[in-house]
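The structure appears right after this line, and notes come after that.
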Amino acid sequence: MKEKFNIIASTCVPLPLENVDTDQIIPARFLKATTKEGFGDNLFRDWRYDKEGNPILSFVLNDPTYSGRILVAGKNFGSGSSREHAAWAVAGYGFRVVVSSFFADIFKNNALNNFVLPVVVSESFLAELFATIKADPKAVVEVDLPNQVIKNKTTGKSETFQISAYKKSCLMNGYDDIDYLLSNKDKIEAWEKK
Amino acid sequence: MKTLFDKIWDAHVVSTVEDGPTQLYIDRHYCHEVTSPQAFMGMRNRNLRFLRPEKTFCIPDHNIPTINQEQPIEDIVSRNQVDTLTKNATEFGITHFGMGNEKNGIIHVVGPENGLTLPGMTIVCGDSHTSTHGALGAIAFGIGTSEVEMVMASQCILQSRPMTMRINVDGKLGKSVTAKDIALYVISKVTTGGATGYFVEYAGEAIRNLSMEGRLTLCNLSIEMGARGGMIAPDEKTLEYIKGTDYAPKGEEWNKAIIYWKTLRSESDAVFDKEITFHAEDIEPMITYGTNPGMGLGISSNIPTLESVPEAGRLSFSKSLEYMGFEAGESMIGKPIDYVFLGSCTNGRIEDFRAFASLVKGKKKAENIVVWLVPGSWAVAKQCQKEGLVDILKEAGFEFRQPGCSACLAMNDDKVPAGKYAVSTSNRNFEGRQGPGARTLLASPFVAAAAAITGKITDPRVLMA
């Protein structure tokens, strides 16, 4: 999943609910796998399918009106369990960006470690974005990682977003924290001798 | 002017990445079967061995059945995940307390009770309730599987330094009000994301007066308000709890350790990024009515009205009540209950079983209610036997099960059916947490016991009068 990240322009999938927890993103009964593949099929499983496994047509992922590589969600997305399976499900479904006004800590780290970019925007930017998508499901949003800018192409409104220079360079170059830590072994051994 | 958090964090900084995270050394790593297989696979793919295998302990808990543990797990997918942990631990030379081992149980119960969790440590696990271990004065937090792999490979993790928050709870708790009620009360005030970005230290008279079990319960729930973790400065109770446990330092090592541990407290002039004070007298037995742990209220109060909820949150609030089958503004008392679950890393310790047993003693389980009493570890189970609690529970019509995570997240067979109501001493009331369609009401062991006896939501103070 180490797909290098640069600029993404895409239509969006709106999920205007707050406190979407990782049990909704991927329910516990799907955590029994021992690989990282296939979680996208069960993303938002219990909102997406009924008990018999039939798609719930009112849920946004089953609504052909909406598609794209950007998920736009309400405040406090990804709260609850530390399961990285949630990030694997979001990435596995095909999202590269999640936009919200607020993310839970562990989910944010997990997303970044899977080359999914969590973009924190202001409440007002988020509210306007939901309105834009509602009015025009084909509205495009551009996420420019090098410049750390997100732009609502319909209204022309843009905001800068935060990301550490380190993580930004990881995403843009396709390397991860383990690569970094392994290059740093002498410091670990020096610390242990202290 | 350092806080307790600063002291431990600073002592573990290996390096700081320029305009990036801190490389933090990890003293203890716990590993369970659900969040580790992909990390072991990553190690294998990169052809790596553990840098410090002796610092990791593997304990399967999420998939473990709570009956017939002497037999192989029936669900083959669960069995495969548990077996995978056994194989991985063997291949990489990691200590493993497998199913049936006398040290098996829920990781967050087993670690502290064996002296694997000690004051001043940095502790991680691929499990958000790792915050539990902070009760002994450690920095403990949950991580994702990529981070699990980092720890395996380098005994380090890259983390940005959280802000600090102190939550004081002054005064004395009322009758039948427990650490669980403090936690649900605090989360209801701070909200489910209100402590995101912070590491919390709990302080004040009501916290000092908590037993170690109570402190573990409180720190366990820190993540439910978004906090990275929660911690409590070690004191005599902490030392008493650790002393003599299997992995605790002994003899001269012990004397040396306690000199250091006694320095682990926030200085009187320490500055926190945020500080909040609550009063124990304001807290009554709590229960949740919605689908996140912040949706809690005193058992005698009413569900909020829609108008009292901020506009941006109304859609989620209404969706939540619809899922629960409740109306805004109504009372919780008297609502019928179908299931009761006592257990989990939140409330599966000896004190929780004492509380439950004290309330049901001499009474009978309500008919038409299913009750799962699941100890957090074999050590807790044995202690329940020894203290005669199992007899009291059986006498009242209850079945005592074998340890594991059980109905907290229903990865084993202990699932609450769709539409049914469960009063649960666990940590999350998310939609479907205890089974697809299950409706969870979080509460203390006393409130759970009152529901188990009466078959409905009942104020435990009435039964204990």
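Any residue at all in segment A:161-173 that's crowded, with 16+ Cβ neighbours inside 10 Å, of a type in the set (D, E, K, R) and part of a loop (DSSP other than H, G, I, E, B)? No: zero hits. A Cβ distance below 7 Å, combined with a sequence gap of six or more or placement on separate chains, defines the contacts here; from segment B:409-424, residues that are within 13 Å of chain A (Cβ to nearest Cβ) and farther than 16 Å from residue A:46 by Cα reach residues that are of a type in the set (Gly, Ala, Ser) and part of a loop (DSSP other than H, G, I, E, B) in the pairs B:412/B:404.
State yes or no: is residue B:143 surrounded by 24 or more Cβ atoms within 10 Å (Cβ to Cβ) and facing chain A (nearest Cβ under 9 Å)? Answer is yes for this residue. Strands (runs of 3 or more DSSP E) fully within segment B:1-61 that include at least 1 residues being more than 13 Å from chain A (Cβ to nearest Cβ) and touching a residue at least 12 places away in the same chain (Cβ under 8 Å): B:28-31, B:56-58.
Scanning segment B:158-181 for residues that are within 14 Å of chain A (Cβ to nearest Cβ) and surrounded by 24 or more Cβ atoms within 10 Å (Cβ to Cβ), we see that the one that is nearest to the chain's Cα centre (by Cα) is B:165.
Considering only segment B:324-333, state which residues are buried (at least 16 other Cβ atoms within 10 Å of the Cβ) and not small (Gly, Ala, Ser). If the condition is that a residue be buried (at least 16 other Cβ atoms within 10 Å of the Cβ) and not small (Gly, Ala, Ser), then B:324, B:326, B:332 are the ones that fit. Per the conditions (1) over 22 Å from residue B:445 (Cβ atoms); (2) surrounded by 19 or more Cβ atoms within 10 Å (Cβ to Cβ); (3) in contact (Cβ under 8 Å) with a residue 24 or more places away in the chain, the sole criterion not satisfied by residue B:299 is (1). Scanning segment B:410-465 for residues that are over 22 Å from the mean Cα position of the chain (by Cα) and either among the hydroxyl-bearing types (Ser, Thr, Tyr) or in a strand (DSSP E or B) (or both), we see that the one that is farthest from residue B:185 (Cα to Cα) is B:454.
I'm trying to understand the selection: among the residues of segment B:71-101, which are closer than 30 Å to residue B:51 by Cβ and touching a helix residue (DSSP H, G or I) at 6+ places or on another chain (Cβ under 6 Å)? If the condition is that a residue be closer than 30 Å to residue B:51 by Cβ and touching a helix residue (DSSP H, G or I) at 6+ places or on another chain (Cβ under 6 Å), then B:84, B:88, B:93, B:94, B:96, B:98 are the ones that fit.
Taken as a whole, the structure leaves residue B:99 outside the set of residues that are away from every other protein chain (no Cβ under 14 Å) and in contact with a Lys or Arg (Cβ under 6 Å, 6 or more places away or on another chain). Of all residues in segment B:92-100, at least one satisfies being assigned to a helix (DSSP H, G or I) and over 29 Å from residue B:199 (Cα atoms). Within segment B:259-280, restricting attention to residues that are assigned to a helix (DSSP H, G or I) and surrounded by fewer than 17 Cβ atoms within 10 Å (Cβ to Cβ), which residue is nearest to the chain's Cα centre (by Cα)? Filtering first and then ranking leaves B:260. Could you pull out the residue among B:419, B:435, B:404 that is of a type in the set (Gly, Ala, Ser) and farther than 21 Å from residue B:323 by Cα? Residue meeting the stated conditions: B:404.
Screening B:374, B:390 for residues that are crowded, with 24+ Cβ neighbours inside 10 Å and either more than 14 Å from chain A (Cβ to nearest Cβ) or at pLDDT below 95 (or both) leaves exactly one candidate, B:374. Is there a residue in segment A:148-157 that is surrounded by fewer than 17 Cβ atoms within 10 Å (Cβ to Cβ), away from chain B (no Cβ under 14 Å), of a type in the set (A, V, I, L, M) and out of contact with any helix residue (DSSP H, G or I) (no Cβ under 6 Å at 6 or more places or on another chain)? The answer is yes, given that some residue of segment A:148-157 is surrounded by fewer than 17 Cβ atoms within 10 Å (Cβ to Cβ), away from chain B (no Cβ under 14 Å), of a type in the set (A, V, I, L, M) and out of contact with any helix residue (DSSP H, G or I) (no Cβ under 6 Å at 6 or more places or on another chain). Taken over segment B:303-336, the criterion of being under 27 Å from the mean Cα position of the chain (by Cα) and either of a type in the set (D, E, K, R) or part of a strand (DSSP E or B) (or both) is satisfied by B:319, B:335, B:336.
The values are calculated or read from the model by the stated rules, or taken from the named source; none is laboratory data. Owing to the predicted nature of the structure, the values given are computational and were not obtained by experimental measurement. Positions of Cβ are generated from backbone atoms using ideal geometry, with glycine treated the same way; all protein chains shown enter the neighbour counts.
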